[in-house]
Amino acid sequence: MVNILSKTISLSRIPLTTRFQRLHRARLPQARLRRARLRRAQGRWKRLLPVAIVGAILAGAIMAWDNGDWRLNLSPSEPMGIWAITPVIPGTRLHAGEIVTLCPRLPHGYHYGWLEDKANAANACANGRAPYIKTIVAGPGDVVHENHHGVTINGHPLLDSRPLPYTTSKPQVRLPQWRGTITLTPGQYWAYGAGDPRFSFDSRYWGPFRQTQVRGIARPLAVWKYDWTPKTRD
């Protein structure tokens, strides 16, 4: 009993400040441990955040690709790269200078096996190939004339518009040739490959197209021009 009382008296003689300091020192390792665990958890989240962002971007890109909202163009007739495609809806007004994706009606009696076949392309044409990407250079009311020298629109020559008689593929095959003069009617347009028109398969070969054959409006996302000069045959 005396010993307990003496210990109680000795403890009561310890200053209050000192007791708080001892208590703080006892709790300090636990606080440091909690802060260390928190820092490690934050570090893991910081490392995972870029991975999560990249995963979200890839998932969105795959969905856009599958839905046909994006298009990879590997033809030099328009700048090569990734294009964003906005579907055409009823009432959409098309204008000269716009780049569109379209499924033109090709002339019969010619061999088109040289065209790259993309049967699984999103929004594929009826023949299974991916829609063409072309620039509209003439619309309703414009007068288009074409001969073996090239194309004029309302009397103005179209740059590098001399048509090729044969493909640049191997083996070379004869291309269809549109010839004559036409005044485009409402809903009728003329397509041209404005990237490198010398080797573009466009209205010079299959004539004017209708707005009903247009699938979407194309806008470049990440594109570049490719200087390509294959051998041609007269």
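Hey, got a sec? Which trypsin sites (Lys or Arg not before Pro) in segment 138-234 land in a DSSP loop and have at most 11 other Cβ atoms within 10 Å?
On the way: sites: Arg174, Arg179, Arg198, Arg204, Arg210, Arg215, Lys225, Lys231, Arg233; in loops: Arg179, Lys225, Lys231, Arg233.
Within segment 138-234, the qualifying trypsin sites (Lys or Arg not before Pro) (loop, at most 11 other Cβ atoms within 10 Å) are Arg179, Lys231, Arg233.
Positive end of the charge dipole of segment 69-224 (Lys, Arg +1 and Asp, Glu -1 on Cβ, about the Cα centre): tell me which of Tyr112, Pro87, His145 has its Cα farthest that way.
Going by the charge dipole, the pick is Tyr112.
Rule-based calculations on the coordinates, nothing more; no lab input. Not measured: the values here are computed from a predicted model. Ideal geometry is used to build each Cβ from the backbone, glycine not excepted, and the neighbour counts take in all protein chains shown.
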